[in-house]
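What follows draws every value from the coordinates through simple rules; no lab data is involved. These figures come from a predicted structure and were not determined experimentally. Cβ atoms come from the backbone with ideal geometry, glycine included; neighbour counts cover every protein chain shown.
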Amino acid sequence: MIEAIVRAIDPQPDDHMVEIGPGLSALTAPLLSRLKHLVVVEIDRDLAARLRGQYSPEKLTVIEQDALKVDFRTLGRDLRLVGNLPYNISTPLLFTFLQAADQVLDQHFMLQREVVERMVADVDSAAYSRLSVMLQYRYRMHKLFDVPPEAFDPAPKVVSSVVRMVPWPEDRLRARDESLFAELVQRAFAQRRKMLRRCLGDWASLVPWDDVGVAPTDRAEQVSVQGFVRIADALSERLGKA
């Protein structure tokens with residue numbers, strides 16, 4: 001499975017690669033066999049010390065810090081992010097990486113299969129969620145393959161999956177006010193079983209529903225990324241005039 005993951009990542013010698021949570025180097029070692037240099041982010045003091053003792057600083061830079069607190073924008077451009085993300089903080093981490101998306105070439109992560117299915121979910125499906133919209137707004141998303149529990153020691157009780165995330169180019173679809181877009185999506189999915197005209201509160205009366213091509217009786221899971229952008233842009237215009 002490690003070989004399959006490395007093949008999917010396809011590291012090149014001069015890549016600016018950052019691994020999150022290297023742990024006992026299961027992925028670190030094969031990556032370093034192909035890279036001139038690798039940066040890793042490891043929160044565990046003992047594991048960080050082990051990595052420093054195992055690899056020379058010419059080959060490996062160890063950032064001993066919580067990945068949730070790392071500003072990945074400070075690590076340079078053309079970043080390639082990889083890692084087996086901790087399941088308990090995978091969603092917050094994905095939102096942390098969003099902040100550096102302009103500087104990222106691609107991301108390859110192993111996560112719990114349920115999370116990956118939400119990340120790549122199609123509109124109007126049970127798995128389609130706030131996470132789906134926010135990530136698909138910024139990245140091309142591809143689920144690559146599953147990783148069975150027996151690939152780990154000890155074996156977890158869940159199946160994992162590997163996902164590829166490639167940021168959309170500069171000419172991508174963009175909301176006029178991305179903070180408003182993010183708040184809109186959060187509001188919509190906070191009460192996903194309710195119709196938009198109810199869960200959007202006072203915003204609902206400001207939306208020109210026919211113009212944006214979304215029905216006020218739709219629920220959040222029925223609205224595409226493009227639909228949310230159209231609603232956000234219409235709200236931005238109306239709120240700006242208010």
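Compute the whole-percent fraction of alpha carbon pairs in the chain spaced more than 31 Å apart. Of all Cα-Cα distances in the chain, 31 percent exceed 31 Å.
Rounded to the nearest 500, what is the chain's calculated 222 nm mean residue ellipticity when only DSSP H runs of at least 4 contribute -39500 (n - 2.57) each, over all residues? Working shown, then result.
On the way: 10 runs with 86 residues, N = 242.
Mean residue ellipticity at 222 nm (helix-derived): -10000 deg cm²/dmol.
Of Ala155, Met134, Gln12, which is farthest along the charge dipole of the chain in the positive direction, counting Lys and Arg as +1 and Asp and Glu as -1 at C-beta? Of the options given, the answer is Met134.
About its Cα centre, the dipole of the chain is roughly 480 debye, where the only charges are +1 on Lys and Arg Cβ and -1 on Asp and Glu Cβ.
Per the Debye formula on identical point scatterers at the alpha carbon atoms of the stretch 62-193, with no solvent, log10 I(q)/I(0) at q = 0.14, 0.17, 0.19 Å⁻¹ is -0.68, -1.00, -1.22. Under the simplified labelling scheme, the Ile2-Arg73 pair shows an inter-label distance of 3.6 nm, with each label point 7 Å from Cα along Cα→Cβ.
With the convex hull of the Cα atoms taken as the outline of the stretch 46-119, the averaged projected area works out to 5.7 nm². Based on alpha-carbon centroids, what's the gap between the stretch 44-93 and the stretch 1-36 in Å, whole number please? Between the Cα centres of the stretch 44-93 and the stretch 1-36 lies a distance of 12 Å. With a ≥ b ≥ c the root eigenvalues of the C-alpha gyration tensor of the stretch 178-241, is it rounded (a/c under 1.5), prolate (a/b larger than b/c) or oblate? It is rounded, given that a/c, with a ≥ b ≥ c, falls under 1.5.
Lysine pairs in the chain whose alpha-carbon atoms fall under 29 angstrom of each other, counting only those eight or more residues apart or on distinct chains, come to 8.
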